[in-house]
Amino acid sequence: MKNCNFKLLVWRQKGPQEPGKMVAYTVNDISPDMSFLEMMDLLNEDLIKKGEDPIAIDSDCREGICGTCGLVIQGLAHGSKQKTCTCQIYMRDFKDGETITVEPFRSSAFPIIKDLVVNRSALDRIISKGGYVANNIGGAPDANAMPISKETAELALDASSCIGCGACVAACPNSSAALFTGAKISQYAHLPQGSPDRKKRVLEMAQQMDKEGFGNCSNHGECEAVCPQGIKISHIAKMRREFFKASLL
Amino acid sequence: MSEKTSTWILWTTIGRKVLLALSGLALFFFLIFHLLGNFTLFVKDPGIFNQYAYTLERMGFILYVMEGLLILTFLVHILDAIFVTLENRKARSSSYYKEGNAGKPSRKSLSSKTMIYTGLLVFAFVVFHVKMFKYGAHYVAQNSNIRDLHRLVVECFKTDYIVISYCIAMILLGLHLRHAFFSAFQSLGIAHPKYTPYIEKLGILFAIAIAGGFLSIPVWIYFH
């Protein structure tokens, strides 16, 4: 494949209180094997050379593990490829000459720090309400000393694969954090280690989720489709069942 | 161990959707009974439909209680939905320049995105509908002393604009039900890897059956 040129429409915003707008850029001679973030790096080098302010973006591991990167590309959180993070989007997925929109994860609960970088601390504050899990101290426990069926273990592991990137919030038309919070609650609700604080956990995490100003879940399921880990909305249902049990029983 | 949080559980993001789901399911059951009753309009003898209407009317106090409960359910459903929508708009204060659709497994659709609009329009229709029939012209059937509601229904459904507006309203209702049925179960925490796909399909089937069923009555009368 030959190198390509693209037109970018990027959200620029100087600071949290400043008004932002979409700004057009062109990038030329881009290798199709370049990742989207590498393309953004090139653009930033260009901007620096020209003496302009580079575009602020978040990224860390760049191998789809950490959940730090997060852009809305062509109106989709983490781009159009499912079960990947922004860092795993490659320029070969775009047509030569295509206009690509790049926006931050939008939510009132994710205030924009600068350009495409948002503050996702609201998710950390939900996690911090999760209480404690019970683990015995000492050496490694005997295998199978605590019997957990394979099905249950798989469900808990599915939920625990959440990397907290916030794409679910970005993709939800209501900016609901139900999938994130559901995954965090579900991963412990399936396991005996999570039982000591089980009721307290769901009540407090759900309350914190509301306090942060996330919206209501309308069951659009858009979150499941953009989640880099493919976490299912059945974990939201699990959170709801846990919530009913904790508040009614 | 667990100190209960002071929040009233129904007034949380999870609880509000429970209220919405339960009131919605109640309205769904009402729709089914309403449709089954209305199918008596397909019987050639108008006396059958009039008798059905009279039987309901004769229930007196019980009917008032049921009507009261129905109005209450409507109010809970609508006010809750309006509140939820306003809150959701606040949660997404700045909108995207470009908003895409992530595709399956997402259920986001025209139906799911327009719930508040289809809901409010259907409610506006309900007001218009109740005014038209319950508080419409009071004919008396010739060979009995009961109200000839059948005559009013036929007169109305021979009018172009009424039939057209009924058809539009029923399509909106179908659109509303398409997302509503599955969503209600999900809001109540009912999700199962094996049965949820069937619930989703059943929702589409119900949406078509109920909207189509109601729609068939004015259309059938119009062309007869």
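Any read-out appearing in this document is the output of simple, stated calculations on the displayed coordinates, not a laboratory observation. Treat the numbers as computed from the prediction; the structure is a model and nothing was measured. Cβ atoms come from the backbone with ideal geometry, glycine included; neighbour counts cover every protein chain shown.
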(request) Within segment A:173-190, track down each residue that is buried (at least 21 other Cβ atoms within 10 Å of the Cβ), without any contact (Cβ under 8 Å) to a residue 60 or more places away in the chain and in a loop (DSSP other than H, G, I, E, B). (result) A:Asn174, A:Ser176, A:His190
(request) Out of the residues in segment B:78-97 that are part of a helix (DSSP H, G or I) and among the polar types (S, T, N, Q), state the one that is surrounded by the most Cβ atoms within 10 Å (Cβ to Cβ). (result) B:Asn88
(message) Suppose we filter A:Arg201, A:Arg106 for residues that are within 14 Å of another protein chain (Cβ to nearest Cβ), among the basic types (Lys, Arg) and outside any helix (DSSP H, G or I); which single one remains?
(response) A:Arg106
(request) Could you list, in sequence order, all residues of segment B:38-74 that are of a type in the set (S, T, N, Q) and without any contact (Cβ under 8 Å) to a residue 24 or more places away in the chain? (result) B:Thr40, B:Thr55
(message) I'm told A:Arg12 meets every condition in (1) crowded, with 16+ Cβ neighbours inside 10 Å; (2) more than 14 Å from chain B (Cβ to nearest Cβ) except one. Can you identify the failing condition by its number?
(response) (2)
(message) Considering only residues that are surrounded by fewer than 20 Cβ atoms within 10 Å (Cβ to Cβ) and more than 8 Å from every other protein chain (Cβ to nearest Cβ), which ones fall in segment A:230-249?
(response) A:Gly230, A:Lys245, A:Leu249
(message) Being among the hydrophobic types (A, V, I, L, M, F, W, C) and in contact (Cβ under 8 Å) with a residue 60 or more places away in the chain is the filter here; which residues of segment A:9-28 pass it?
(response) A:Leu9, A:Val10, A:Trp11, A:Met22
